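> First the structure, which I've put down as structure tokens, then a few questions once you've had a look.
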Amino acid sequence: MPLEQIANIADIVGATLVVVTLVFLALQIRQNTRAVRATTIESTMQSEMKIAAIIIENAATWEKVITGAPIADGEETRKAMALFNVLMIDTESRYHQFKAGYLEKQAWEGRVTTLPDVVRLPIFEKWRQSLGGLTHAADFLELLDSLLAENSNDQD
């Protein structure tokens, strides 16, 4: 067999192996993406349960947060701000997971539909100026601020 034919056969075998490798990698990436999404869904559910437990544990303070009732200075204010920040941390986490494509649209929309009401709460402005409110990512804070601006425009 001439050397040229051996070279052509080697090229065909090499090209075939490259295609097989690419198909294998594509399947692995797809499987990994599914696993990451499943983990994200599980993480989101776990987070919801933890937040619910924290809120139940601090129900009296949380009730004041969501109704806009007066919150006492001192410990109750710190507790209210911490509870609100927990909600915002979880919301920001979902926001970034959604933007990265790891969180399903439905899971993000479930939270984002509540945000216009959240930014209307009296505690929001106080939180937004606090250390907790200032330490979130700029794009997330811009989202909240835009919702607040929309609320202001709707009320005018």
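Bear in mind that the values in this text are calculations on the coordinates, not laboratory data. Everything numeric in this text was worked out from a predicted model, so none of it was measured. Glycine gets a Cβ as well: all are built from the backbone with ideal geometry, and neighbour counts include every protein chain shown.
> Given the conditions (1) assigned to a helix (DSSP H, G or I); (2) over 30 Å from Glu125 (Cβ atoms); (3) touching a Lys or Arg at 6+ places or on another chain (Cβ under 8 Å), report the number of the one that Thr33 does not fulfil.
(3)
> Can I ask one more? Of all the residues that make up region 103-114, how many are buried (at least 18 other Cβ atoms within 10 Å of the Cβ) and either within 21 Å of Thr135 (Cα to Cα) or among the aromatic types (Phe, Trp, Tyr) (or both)?
Adding up the residues that qualify gives 1.
> Would you point out the residue of region 76-88, among those that are aliphatic (A, V, I, L, M) and more than 17 Å from Leu147 (Cα to Cα), that is surrounded by the most Cβ atoms within 10 Å (Cβ to Cβ)?
Taking region 76-88 and keeping what is aliphatic (A, V, I, L, M), we get 80-83, 86-88.
Still in the running and more than 17 Å from Leu147 (Cα to Cα): 80-83, 86.
On the way: Ala80: 20, Met81: 20, Ala82: 14, Leu83: 22, Val86: 17.
Per the stated criteria, the residue is Leu83.
> Checking the structure you have, find out if any residue of region 133-150 is within 20 Å of Thr77 (Cβ to Cβ) and part of a loop (DSSP other than H, G, I, E, B).
Narrowing region 133-150 to residues within 20 Å of Thr77 (Cβ to Cβ): 133-136.
Okay, now just the ones that are also part of a loop (DSSP other than H, G, I, E, B), so 135-136.
So far as region 133-150 goes, yes, one or more of its residues are within 20 Å of Thr77 (Cβ to Cβ) and part of a loop (DSSP other than H, G, I, E, B).
> Count, please, the residues in region 42-66 that happen to be small (Gly, Ala, Ser) and either under 14 Å from Ser93 (Cα atoms) or in contact with a Lys or Arg (Cβ under 9 Å, 6 or more places away or on another chain) (or both). If you could, list the steps in order and put the result at the bottom.
First, the residues of region 42-66 that are small (Gly, Ala, Ser): 43, 47, 52-53, 59-60.
From what is left, the residues that are either under 14 Å from Ser93 (Cα atoms) or in contact with a Lys or Arg (Cβ under 9 Å, 6 or more places away or on another chain) (or both) are 43, 47.
Selection size over region 42-66: 2.
> Being surrounded by 15 or more Cβ atoms within 10 Å (Cβ to Cβ) and of a type outside the set (Phe, Trp, Tyr), is that true of even one residue in region 26-35?
Residues of region 26-35 that are surrounded by 15 or more Cβ atoms within 10 Å (Cβ to Cβ), as a first pass: none.
No, region 26-35 contains no residue that is surrounded by 15 or more Cβ atoms within 10 Å (Cβ to Cβ) and of a type outside the set (Phe, Trp, Tyr).
> Output the qualifying pairs, or none if there are none: Cβ atoms under 9 angstrom, residues six or more apart or on different chains, first residue in region 93-107 and assigned to a loop (DSSP other than H, G, I, E, B), second residue surrounded by fewer than 12 Cβ atoms within 10 Å (Cβ to Cβ).
Listed pairs, sorted by first residue: Tyr102/Thr39.
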